[in-house]
Amino acid sequence: MTQTSGVDMDKIVSLSKRRGFIFQSSEIYGGLGSCCDYGPLGVELKRNVKEAWWKAMVTDRDDVVGIDAGILMHPQTWVASGHVEEFADPLVDCKSCKQRFRADELTENRCPSCGGELTDPRMFNLMFKTFMGPVEDEAAVVYLRPETAQGIFVNFQNVMNTTRKKLPLGIAQIGKSFRNEITTGNFIFRSREFEQMEMEYFVKPGTDRDAFQYWLEERFDWYVRLGIRKDNLRLRQHGQDELSHYALDCYDVEYLFPMGWSELEGIANRGDFDLVQHAKFSGRDLSYFDEETQEHVTPYVIEPSAGVDRSVLAFLLDAYDEEQLEKEKRVVLHFHPAIAPIKVAILPLSRNEQLVPLARQVYADIRGAFMTQYDDSQSIGRRYRRQDETGTPLCVTIDFQSLEDNQVTIRERDSLKQIRAPINTLGATLRAKLDGEPMDVLPEGGTYWLGFEG
Ligand code: ATP
């Protein structure tokens, strides 16, 4: 039997729609299959995932630089990379109900929907084609990139020349990719337009195995550091029959999704395949001069290739929980603070005219430093529940006592602990708590607080 995570995907789909994380694409026209739109909370969540990746892969390192290449590339790129020839899945049609399937995903040679007879498989290229310029002929064909990696390979020499860096050197990129997938589904797990976070790590041949091992561990740990439970992650090596035409070795970081263990990220040792191919097709020299050995070598490449949308889905699923509190049930997203779309909510105890100016002032002071939301509608309990459901780590409540002592209540999402903290040092206190300081550590002049919520 397939192992599953136990979290119901329908609950995540409905929460995403209800609270504005993810909507169906062009919903008012009945929707566009396997494309999605990110709402106000979803765009923050997605940006946080990308920023956490960029920080770990580029900002915090001196051996990786970033680029942002175009989605449209010279069509020869895809001949050289093997995509025109190889980037295809076997497609079968049901002769009765006309549905289409990937032959390699079927366990029987009958239609899984109606049991009808299937056609023989034919190879279906997954690249979207379009035309550049006003003439629609074969000469004007360009493709929407099916991966961001090739934009990195074709710029290898540009980056080496302009940065004057030595190997090992990584080049990172985040951007949209497009694949005309035969079967889609499982919410945002597989769509036709999606985003990737890819890094090509160029190394001297012979050092590739060590670098490969290093990136396997580093990429696995990245998810754990951002709060994904280790039990829900695993590394799986590709069998020889599974390896892509370019790969010497490959592992998937898999997550235990509701439909079972599935790929979150692929980490491949691509050898020198890409640079050799692009050198051959472009006629350019893409080798590297090794000053130690005084020889020209073609670098090997280690590629960690992650999906932004799949990561967003894994973060949502892993954070989701339903908890029984003393008096009621709450739905809560236990996001790591770096991932949480809203970091701090400012909540005046009521809309009382004396409280509002101070609450507005606190909001104005804080919002420049953190993604902050101001909410004054309905009871304080209802507002806490709303913030729990969208994963806000800290709520700041302003009450009548605040007018007297210039202190506010900070309430932490997971422990439900509350402290009173001085307004004049609030920014620093919130920063420390978001960085992981326990709630039991009080700011100067602060106290414990047992009001509002036990
Ligand atoms: P799969 O076997 O699931 O189709 P893949 O092996 O073809 O994926 P790669 O080419 O290795 O995927 O792409 C790297 C990453 O990009 C994947 O691990 C995934 O996170 C993401 N990705 C690939 N295709 C899609 C898609 N159609 N929708 C969303 N994310 C995708």
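The values are calculated or read from the model by the stated rules, or taken from the named source; none is laboratory data. Bear in mind the structure is a predicted one, so any value in this text is a computation, not a measurement. All Cβ positions, glycine included, derive from the backbone under ideal geometry; neighbour counts span all protein chains shown. Accessible surface is based on the protein model in full, side chains and every heavy atom, while ligands, DNA and RNA are left aside. Shrake-Rupley method; radii C 1.70, N 1.55, O 1.52, S 1.80 Å.
Go through (1) open to solvent by 30 Å² or more (accessible area, probe 1.4 Å); (2) at pLDDT 95 or above one by one and return the number of the condition Ala52 breaks. Only one criterion is unmet by Ala52, namely (1).
Cβ-Cβ distances below 9 Å connect the following pairs, each with a first residue in the stretch 252-272 that is on the phi > 0 side of the Ramachandran plot, a second residue that is more than 11 Å from the ligand (Cβ to nearest atom) and assigned to a strand (DSSP E or B), and a separation of six or more residues or different chains: Gly271/Tyr300; Gly271/Val301.
Considering only residues in the stretch 369-386 that are charged (D, E, K, R) and part of a loop (DSSP other than H, G, I, E, B), the one that is least open to solvent (accessible area, probe 1.4 Å) turns out to be Asp375. Counting only residues that are farther than 25 Å from Val312 by Cβ, charged (D, E, K, R), in a strand (DSSP E or B) and open to solvent by less than 20 Å² (accessible area, probe 1.4 Å), the stretch 230-274 holds 1 of them. Within the option set Ala140, Ala211, being more than 15 Å from the ligand (Cβ to nearest atom) and surrounded by fewer than 18 Cβ atoms within 10 Å (Cβ to Cβ) holds for one residue only, Ala140. Somewhere in the stretch 69-78, is a residue over 30 Å from Ala319 (Cα atoms), of a type outside the set (Asp, Glu), under 21 Å from the mean Cα position of the chain (by Cα) and exposed (fewer than 12 other Cβ atoms within 10 Å of the Cβ)? Within the stretch 69-78 (the criterion being over 30 Å from Ala319 (Cα atoms), of a type outside the set (Asp, Glu), under 21 Å from the mean Cα position of the chain (by Cα) and exposed (fewer than 12 other Cβ atoms within 10 Å of the Cβ)), the answer is yes, since at least one residue qualifies.
Filtered by the rule that a residue be open to solvent by less than 80 Å² (accessible area, probe 1.4 Å), assigned to a loop (DSSP other than H, G, I, E, B) and either in contact with a strand residue (DSSP E or B) (Cβ under 9 Å, 6 or more places away or on another chain) or in contact (Cβ under 8 Å) with a residue 12 or more places away in the chain (or both), the stretch 116-137 gives Gly116, Thr119, Leu126, Met127, Phe128, Asp137.
Checking each residue in the stretch 294-304 for being farther than 17 Å from Leu275 by Cβ and touching a helix residue (DSSP H, G or I) at 6+ places or on another chain (Cβ under 8 Å) picks out only Pro304. For the stretch 417-441, filtering for residues that are open to solvent by 20 Å² or more (accessible area, probe 1.4 Å), touching a helix residue (DSSP H, G or I) at 6+ places or on another chain (Cβ under 9 Å) and more than 16 Å from Val362 (Cβ to Cβ) leaves 2. Within the stretch 387-405, the set of residues being without any contact (Cβ under 8 Å) to a residue 60 or more places away in the chain and either on the phi > 0 side of the Ramachandran plot or open to solvent by 20 Å² or more (accessible area, probe 1.4 Å) (or both) comprises Phe400, Gln401, Leu403, Glu404, Asp405.
Let's see how each residue does on (1) more than 30 Å from Leu416 (Cα to Cα); (2) within 16 Å of the ligand (Cβ to nearest atom); (3) surrounded by fewer than 18 Cβ atoms within 10 Å (Cβ to Cβ):
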residue: His278; (1), (2), (3): yes, no, no
residue: Asp285; (1), (2), (3): yes, no, yes
residue: Gln294; (1), (2), (3): yes, no, yes
residue: Leu313; (1), (2), (3): no, yes, no
residue: Leu317; (1), (2), (3): no, yes, no
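Would you confirm whether or not the stretch 18-35 contains a residue that is in a helix (DSSP H, G or I), in contact with a helix residue (DSSP H, G or I) (Cβ under 7 Å, 6 or more places away or on another chain) and open to solvent by 60 Å² or more (accessible area, probe 1.4 Å)? Within the stretch 18-35 (the criterion being in a helix (DSSP H, G or I), in contact with a helix residue (DSSP H, G or I) (Cβ under 7 Å, 6 or more places away or on another chain) and open to solvent by 60 Å² or more (accessible area, probe 1.4 Å)), the answer is yes, since at least one residue qualifies.
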